Structures are given as C-alpha cells and as structure tokens.
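Report on one structure; see the data block that follows.
What follows is calculated from the coordinates using simple rules that are stated; it is not laboratory data. Everything quoted here is computed from the prediction, not taken from an experiment. Glycine also receives a Cβ, built like all others from the backbone with ideal geometry; neighbour counts cover every protein chain displayed.
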Amino acid sequence: MTLRHAVLAALLDGEYSGYQLAKAFDAGVANFWYALPQQLYAELAGLERDGLVTGRQVVQETRPNKRLFTVTDAGIAALERFAAAGSKPSFIRDDLLVKVQAVDRIAAAPVLAQLAERARIAAGRAEVFEKLLARLRGGLDEDAFLARGARIGPYLTCLRGLAFERETRDWCERAAGVLRGRQA
C-alpha cells in the first residue's frame, strides 16, 4: 500500500482540506497508516496532478484561502485496482520488543518504564477509538450499525485499531508484571 491509496480512501467520506485530511488521519487512519501533514500535502498535490483528486479554492475573509479536495472517478478506479491486488501479510517492527527480547541481559528498570508508558498511550488511544466508533454509529447499537450503517469501512478499520490498542495495553501490562515478578 502507498500513502496515495490511504489518502484516496480517507477522501471517500467527502471534501477535505489538507488540514482536515491531517485531522482525519490522526483520528481514524493512523491505526493503519501514519503520515506527517507535510507528506499529506505533497500527496494531495501529486494526486491532483495525476487526476485522481480534484481541488477547488475556497476564499475565506478572515482566514487564509484553502483548497478542498474530492476523489475523481479516476481516483475511484485506482482504489478499485488497489483493492483487487493481493495484500501482503503485516509484520511487527517495534523497538520496544527488541528491548524486551534483551531484558534478560540488560537493566530492566528502563524497559519497565517504557512498557508502562506504552500501556498508558495504548489505553488513551483505545479510548479515542471507542469514542470515534460511538460517533460513527450515530446512536445505533453496534449490531444494528454493522447491519445497516451507510459507510462500514471506516468503522471496521477503527474496530481493528481498537483491538490493536487494547491488545498492546494488555501485553505491556502482562510483560511488565512478569518482569516485576521475576525481580522479586
């Protein structure tokens, strides 16, 4: 996958400025694709140049003008080709796991602190996903939304993000408990 596909998928929900797109990435896309705002702006320019999105200028009186972007039919076709292509399995590449791997031969205190911090961050992200999922459901319970919701893709990817963050929190807490128990 490329950033190009992630941007096109995020723009399926409507017309976004670069700033709004960056916020959408922070809220719902960051669980499967991370990008800096500068990367998003550069990608939007490339997508527009390639005819996959179209942009329009919005004149604002009290703020700088902005450009709003929408996906074109060519952009939808690019997403369809991407969806038809095979997907590679994901893999974990995490420096904290390297530290835990080595913890039998290095000082455990810094690793324990980092596990606690990672668990705290994951718990906070899980809360964000829970709120986002509730907002996406719009008052429906989950089963009803999954059966009749208008845009199910963002919901399903947020469910994956929630599961990932909860599992990360749980693993960090368990690993820290094991390490503390072995120190006693």
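If the only charges are +1 at each Lys and Arg Cβ and -1 at each Asp and Glu Cβ, what is the size of the charge dipole of the range 70-147 around the Cα centre, to the nearest 20 debye?
Here the range 70-147 has a charge dipole of around 320 debye.
Determine the calculated [θ] at 222 nm for the chain from helices alone, applying -39500 (n - 2.57) to every DSSP H run no shorter than 4 residues and normalising by the residue count; nearest 500 deg cm²/dmol.
Value at 222 nm, helices only: -20500 deg cm²/dmol.
Just add up the charged neighbours of LEU140: K/R +1, D/E -1, any other residue whose Cβ is under 14 Å from the Cβ of LEU140.
+1
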Task: Degrees between helix 37-49 axis and first principal axis of the chain (Cα, 0 to 90, nearest 10) - done: 30 degrees
Open item on the list: How would ARG169, ARG67 line up from fewest to most surrounding beta-carbon atoms within 10 angstrom?
Closed with: ARG67, ARG169
Task: 0 to 90° range, to nearest 10: angle between helix 153-183 axis and the chain longest Cα axis - done: 20 degrees
- [ ] Taking Cα extents along the principal axes in Å as the quantity of interest, determine which of (1) 64, 44, 38; (2) 48, 39, 27; (3) 66, 41, 39 was computed from the displayed structure.
- [x] (1)
- [ ] Could you size up the charge dipole of the range 15-141 around its Cα centre, putting +1 on the beta carbon of Lys and Arg and -1 on that of Asp and Glu, and report it in debye to the nearest 20?
- [x] 180 debye
Task: Dipole of the chain, positive end: most advanced residue of VAL59, ALA109, ALA175 [Cβ charges, Cα centre] - done: ALA109
Task: the range 95-183 - percent relative contact order, Cα under 8 Å, separation 6 or more - done: 44 percent
Open item on the list: What is the sum of charges, Lys and Arg at +1 and Asp and Glu at -1, for the other residues whose Cβ falls under 15 Å from the Cβ of SER87?
Closed with: +2
Task: Rel. contact order, % - alpha carbon contacts under 8 angstrom, at least six apart, the range 3-84 - done: 36 percent
- [ ] Work out the charge dipole of the chain with +1 on the Cβ of Lys and Arg and -1 on the Cβ of Asp and Glu about the Cα centre, then indicate which of LEU21, PHE91, LEU146 is farthest towards its positive end.
- [x] PHE91
Task: In degrees, nearest ten, helix 108-137 long axis to first principal axis of the chain (Cα) - done: 40 degrees
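Suppose a student asked you for the relative contact order of the chain, using Cα pairs under 8 Å spaced at least 6 residues apart; what percent would you report? Write out the running numbers ahead of the final one.
Details: 167 pairs, mean separation 40.7, N = 184.
Relative contact order, the chain: 22 percent.
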TODO: Count the lysine pairs in the chain whose Cα atoms sit under 28 Å apart, keeping only pairs 8 or more residues apart in sequence or on different chains.
DONE: 4
Task: Point-charge dipole on Cβ atoms (K/R +1, D/E -1) for the range 3-84, about Cα centre, debye to 20 - done: 180 debye
